[in-house]
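Visitor: One structure, pasted below without further comment.
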Number of protein chains: 2
Amino acid sequence: MAIPVETIFLDPGAQGTLQSRIQQLFAEAILSGRFRAGEKLPSSRRLAAHLGVARITVTAAYTELVASDYLTSKGRSGYFVSDTAPKPPDFPPPPPRLDAVDWPRALGQRFSGGVTPARVPDWSSYRYPFLYGQTDPTLFDHQNWRQCALRALGQRDFASLTSDYYDRDDPELLAFIARHILPRRGISAGPEEILVTMGAQNALWLTAQVLLTQRRTAAIEDPCYPALRDILTQSRCHVAAVPVDADGLPPEDLPEGTDVIFTTPSHQCPTTATMPMARRQALLQRAADLDALIVEDDYEFEMSFLSPPSPALKSLDRDGRVIHVGSFSKSLFPGLRLGYLVGAAPFIREVRALRASVLRHVPGHIQRTAAYFLGLGHYDSLIRRMSDTLRTRREAMESAIAQHGLTVAGQGAFGGSSFWMQATDGTDSDQLAAKLRAKSVLIDPGRPFFFTPQDGARHYRIAYSSIPTARIEPGIALIAETLKNWP
Amino acid sequence: MAIPVETIFLDPGAQGTLQSRIQQLFAEAILSGRFRAGEKLPSSRRLAAHLGVARITVTAAYTELVASDYLTSKGRSGYFVSDTAPKPPDFPPPPPRLDAVDWPRALGQRFSGGVTPARVPDWSSYRYPFLYGQTDPTLFDHQNWRQCALRALGQRDFASLTSDYYDRDDPELLAFIARHILPRRGISAGPEEILVTMGAQNALWLTAQVLLTQRRTAAIEDPCYPALRDILTQSRCHVAAVPVDADGLPPEDLPEGTDVIFTTPSHQCPTTATMPMARRQALLQRAADLDALIVEDDYEFEMSFLSPPSPALKSLDRDGRVIHVGSFSKSLFPGLRLGYLVGAAPFIREVRALRASVLRHVPGHIQRTAAYFLGLGHYDSLIRRMSDTLRTRREAMESAIAQHGLTVAGQGAFGGSSFWMQATDGTDSDQLAAKLRAKSVLIDPGRPFFFTPQDGARHYRIAYSSIPTARIEPGIALIAETLKNWP
C-alpha cells in the first residue's frame, strides 16, 4: 500500500532544517503507527513538489532514514517503510481512570504554595521587561559558548560527557573555580572544600538541609530572596527575619539562639545595599559570639562596573564558619543551572553525599563546556562587555528616573543590574505590576520579598539586565504615568 | 618589560587545539597575575619556534586574545598585555584557619555513610569491566548526539538554551515523552502528569520526599537498588523489606500498613526477574486493598532484545495509584542525568514544586538536545544497535558461564544487561571482588543490595553493557579460577 502524498504535511511551527523536519515527520509517523512496515513512500519528486522543497532535500532525508533503518530502498521501485523499522506499541488504550486515590491524604508532605512568585513565561514578548535575572540574547557570547560546547562534545571528552560521576565533579571545572574564580574573591580553597551545584538555588537548598532541623534557627535578611524563604519553610526550622538598613544586615540585631545566618553582603537582595568592611568584621564577630554559621550568597559580584567588588566575607573568615555560595546564572545564563559551594571539608562532605542522593551530579557536558569557556578567557570578556552595557543602561535608568520623578530606595554602590524602588504610601505594587503588564511593562512587586508581605506593598524592583537601552526612558515614563494617575 | 619566551610552556596534558591551548595559557597567566598589563609578549616567530608550532597558530591565538582584550597590538612594536585586560585580585592571602567551628555539632543532619557502594572512578582502565550502568563508547551514537546538541545550541533555540524555566520543562521534550515514549509502555498521560527529572535517582528521591514521612511505611524489594535504601533512610520513614522470588515481588507478602510500594517489575534490580502479568494484576489489587501507592521503576525496558517488554504496571493502573519512573541513563548515557516521572496531577504538582525549590529545572540545552535526538529517530536506531550488541554479548556470557561452571541466580527473560550470580556457601563476594580487581576484573558484590547485608555475601552481579565481547570469556575464566582456588 502506498502512503498518499496528501497525508504528508510539514508542521509549520517546527524548527530545524527542512531535511531534519522531513526526517522527523517520517520517524514520528512510523513510531506512532501511522505509517506501517511495507508501505510505499511517495517518490522524492512527488513529495518535493507537494511540500514545495528541493528534491535533493527529500532525497537526503530518505537516505538518512534508510541509514537509520526506518526506510528501505528497493532500487527502482522506490522507498518503503522498513520491515525492521521501530514498531509502534500494540497495547490496548487504558480504560478511563477512576482516581481511587485520596490524594490529600496520600501526599505526606506539601511543597506547592510557597512565596516564590509565579513568573511571566513569555517575558521576551513584552516591550518593557524591567525583569530581573534573565539572559539578554544581545549580550551573551553565543558563538564562543557554542565553540566550547562543541569541544566538550568531541571524542576526547567522551568520558566527561557520558560518564556517571557518582558523587564527583568535573576536575577541570573544579580546578578553574579554585584557581581563577575564588582567588578574585580573596578565597583560597582546596578541592575537598568545593562542591559544584545546580545553580545558587540548589546550593542554598543543600546547605539548608544539612545545617537546619526543626530545632534550629535560621536568621534571614528582611526583605530577602523569596525562594530562600520557601527553602527554609520546607526545612521546618525556626526563621528569624532581621530588617536590613542601608548597609545591609545589622549584626547587632541577630537574635540569641541563631544557628545559621543567611546574608547577601556583596549586593543585598533586593535592596542592593553593599555591606561596608567594618560591618563585615562585626558580622563575623557576632557570628563567633553566637557560635553561628554564615551562608554568604555572593551573587552578582561580577557586575561591579562602578567600583571593584569588596572581598567576599569568606575571605575574611578565620574560623571556617562562612559558607560561600557562587553562581554562573547571572554571568553566563540561568538556564545553565551551574553554581558552587565553598566551605569547610566536613560540611562539603555532607552536602556532597546529599547531592549524590538527590541527583548524583551536575551533567558532565555542562561542567566541561563551562570549564572551557572560563579557561579560554571568554567569561572575562563577556563580563566586561556586559558591564559596559549595564553601565550605559544604568545611566539611562538614573536619568529617566530623575526626569520622571520616581523614588529610588536602593541602587547599589558598585553596579548590579537593578534598582529597588518605593512608591508613595497607599500605592499597591501588586496592582501597579498588573496595570503595567497591561501596558507591556514588567516589574517585580515588593510583597514576596518581605517576611510580612504588607511591608513590601509600596516597594518594587526594576532591573535593566534584559531591557534595551532605548526602551528604558519610555518604560520608566509609563511607570511614572501610571503612578501619577493612581489609583 | 618583556615576558621571556622561556617562561612559556604548553601543558602537555591539556586538551584542545594548539591555538586554543596557547590562548588558554595567556588568559590564565594574565588572570592569575603572572603576566601584567603593559608587558611585551614574545614575537609570534620566537614563540612559534620555542613551542615548536606553526607561526600562523601563534598569530591566530594572539589575534583572538586582542579581540577579547587580553592583548593589545602596537603595530611594529608587537603585542602587549592590554591595560584593560582582566585584573588579578589584589586581596592579601587569608591567614591560616583555626577551624573554630564544632562541626559534629554544627551539622544538623548527616547524609554521608549510606549503603550505596563507592565506585571505581577509572573503571575504563580495567581490562574486564563487568560493570553495570556505564556507557560503552563503541555503542553510543556520538555523531548524531553532537549534531542534535549543535542544533539545540543554534540561534533559534537560544531561549531554550539560556532561559530560567522556573518550575517548567522543555515543551518539546515533554511532547516527545508523552507522544512517543509512554505509548510504547502502554501509558497515556497529559503534560500535567509528567515531570522531567535529573535521572531516575532524582525521580525516586523527589517521590520519597513527597510521599513519605517519619510516620509512614515504604515497602521495598529485598534485594534492591542500594541508592533507594539511602533515599528512604534519609526520609526517616519505616522500611519493610520484602524478599523477592523468581517472579519478583510477591504481593501477598506486603505487610499491612504499607503506604508506598517501590518495585521494579520490568526487570527486578538486581535479580533481573520479570514480573508475570498475573502477578502484576495481583500487585495492583493488593495495593488497592492496602490503599497504598506503587512506585514503578521501569529502568532498562528498552533493553528487551529477547522478547518484547511487558506493558508497564502503570498501563494497567485504573486507579491512578501507580507512579512511573523512567530514565534515559541506560538508553542514552548516565552522565546526561535525564529521566521522568509520570503520575496523577496532584502528585506531579507537589514534586514539581519540590524540584523547583531544590534545583529549579533540568538545564534547557540538555532537554532540547534529547528532544531532537529522540524526535529524529536516532534514539530508536541506537536502541536497536545496542540491543544487537547486547544480544551477542549475552550469548558470549551464557556460553562462558556454562563452560566455566559458574552458577546463575537470575538472567532476565527478555534481555537486560546483567546476570545475577551466586557462589557456593562460604564464599565472600566482597573478598571476591577485591581479588578480581587485582586481576583487572570488575564485578559488583552482593551485600549492598540486601537489607541484611549478610544475605548477599555469596551473590554478585556481572554486567555486559561496557565489556567488549572478546573479553567476556577470558574475564569469566578469571572469575571461575578465583572461585575454584577459594579462599
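Derivation of every value follows stated rules applied to the coordinates shown; laboratory data play no part. This one's a predicted model, so the numbers in the text were calculated from it and none came from an experiment. Positions of Cβ are backbone-derived with ideal geometry, glycine not excepted, and every protein chain shown enters the neighbour counts.
Visitor: Putting +1 on Lys and Arg Cβ atoms and -1 on Asp and Glu Cβ atoms, find which of B:TYR70, B:ILE56, B:THR389 reaches farthest to the positive end of the dipole of chain B.
Guide: Farthest towards the positive end: B:ILE56.
Visitor: Let me ask something additional. Can you sort A:ARG215, B:ARG36, A:ARG394, A:ARG21 from fewest to most other Cβ atoms within 10 Å of each residue's own Cβ?
Guide: Working: A:ARG215 10, B:ARG36 14, A:ARG394 23, A:ARG21 19.
Sorted ascending by nearby Cβ count, the order is A:ARG215, B:ARG36, A:ARG21, A:ARG394.
Visitor: In the range A:142-376, how does Rg compare with the Kirkwood Rh, expressed as the Rg/Rh ratio over alpha carbon atoms?
Guide: When Rh is taken as the Kirkwood radius, the ratio is 0.97.
Visitor: Moving on. Between A:ASP388 and A:GLN109, how high is the FRET efficiency from 1/(1 + (r/R0)^6) when r is the Cβ-Cβ distance and R₀ = 56 Å? Nearest 0.05.
Guide: 0.75
Visitor: Here's a follow-up. Please give the helix A:199-211 orientation as an angle from the longest Cα principal axis of chain A, in degrees from 0 to 90, rounded to the nearest 10.
Guide: Orientation of helix A:199-211: about 60 degrees from the principal axis.
Visitor: Using only helices, what value at 222 nm comes out for chain B when you add -39,500 (n - 2.57) per DSSP H run of length 4 or more and divide by the total residues, to the nearest 500 deg cm²/dmol? Please list the in-between numbers first.
Guide: Working: 15 runs with 176 residues, N = 487.
Helices in chain B give a 222 nm mean residue ellipticity of -11000 deg cm²/dmol.
Visitor: Can you give the charge dipole size of the range B:309-400 about its Cα centre, rounded to the nearest 20 debye, using +1 on the beta carbon of Lys and Arg and -1 on the beta carbon of Asp and Glu?
Guide: Here the range B:309-400 has a charge dipole of around 280 debye.
Visitor: Please give the contour-minus-distance gain from B:ASP122 to B:GLU39: 0.36 nm per residue of separation, less the Cα-Cα distance, rounded to one decimal in nm.
Guide: Full-extension gain reported as 25.6 nm.
Visitor: How big, on average over all directions, is the shadow cast by the Cα convex hull of the protein assembly as shown, in nm²? Walk me through the numbers before you get to the answer.
Guide: Working: hull surface 175.5 nm².
So the mean shadow area of the Cα hull is 43.9 nm².
Visitor: OK, next. Put a label point 7 Å from Cα along the Cβ direction on B:ARG55, then list its distances to the equivalent points in the other copies in nm, shortest first.
Guide: Ordered by distance, the counterparts are at 5.2 nm.
Visitor: Sticking with this structure for a sec: When only C-alpha pairs under 8 Å and at least 6 residues apart count, what is the relative contact order of chain B, in percent?
Guide: Relative contact order for chain B comes out at 18 percent.
Visitor: Only counting other Cβ atoms within 10 Å, I'd like A:ASP380, B:ASP122 sorted with the fewest neighbours first.
Guide: B:ASP122, A:ASP380
Visitor: To make sure I understand the rule: partners must be aspartates and glutamates, Cα under 12 Å from the Cα of B:LYS87, and not fewer than 8 residues away in the same chain. Which ones qualify?
Guide: Candidates past the 8-residue exclusion: A:ASP380, B:GLU28, B:ASP69.
Visitor: If you take the charge dipole of the range A:142-376 about its Cα centre, with +1 on Lys and Arg Cβ and -1 on Asp and Glu Cβ, which of A:LEU290, A:HIS267, A:PRO334 is farthest toward its positive end?
Guide: Farthest towards the positive pole: A:PRO334.
Visitor: Fewest Cβ neighbours within 10 Å first, please rank B:LYS435, A:LYS439, B:LYS484 accordingly.
Guide: B:LYS484, A:LYS439, B:LYS435
Visitor: Same structure again: Could you check the spin-label model distance between A:THR7 and B:THR59? Points 7 Å from the Cα along Cα→Cβ, value in nm.
Guide: A separation of 6.1 nm, rounded to one decimal place.
Visitor: Let me ask another. Kirkwood hydrodynamic radius of the range A:5-81 from all distinct Cα pairs, in Å?
Guide: Evaluated over the range A:5-81, this radius sits at 12.4 Å.
Visitor: To the nearest 20 debye, what is the magnitude of the charge dipole of chain A about its Cα centre, counting +1 on the Cβ of each Lys and Arg and -1 on the Cβ of each Asp and Glu? Working shown, then result.
Guide: Details: 52 positive and 51 negative charges, 342 e Å.
So the magnitude is around 1640 debye.
Visitor: Mind checking the range B:197-276 for GluC sites (Glu not before Pro) that DSSP puts in a loop (not H, G, I, E or B) and that have at most 11 other Cβ atoms within 10 Å?
Guide: Those that pass, being in a loop and sparsely packed, are B:GLU256.
Visitor: Within straight cross-link reach of A:LYS484, meaning Cα distance under 18 Å, which aspartates and glutamates are found once same-chain residues fewer than 8 apart are removed?
Guide: Within reach: A:ASP425, A:ASP428, A:ASP430, A:GLU473.
Visitor: While we're looking at this one, here's another question. Provide the gained length on full extension for the span B:HIS404 to B:ALA345, in nm with one decimal, where the gain is 0.36 nm per separating residue minus the Cα-Cα distance. All intermediate terms of the calculation are to be shown ahead of the outcome.
Guide: On the way: separation 59, 0.36 × 59 = 21.24 nm, distance 5.20 nm.
Computed gain between B:HIS404 and B:ALA345 is 16.0 nm.
Visitor: In debye, nearest 20: dipole of the protein assembly as shown around its Cα centre with unit charges on the Cβ of K, R (+) and D, E (-)?
Guide: 2480 debye
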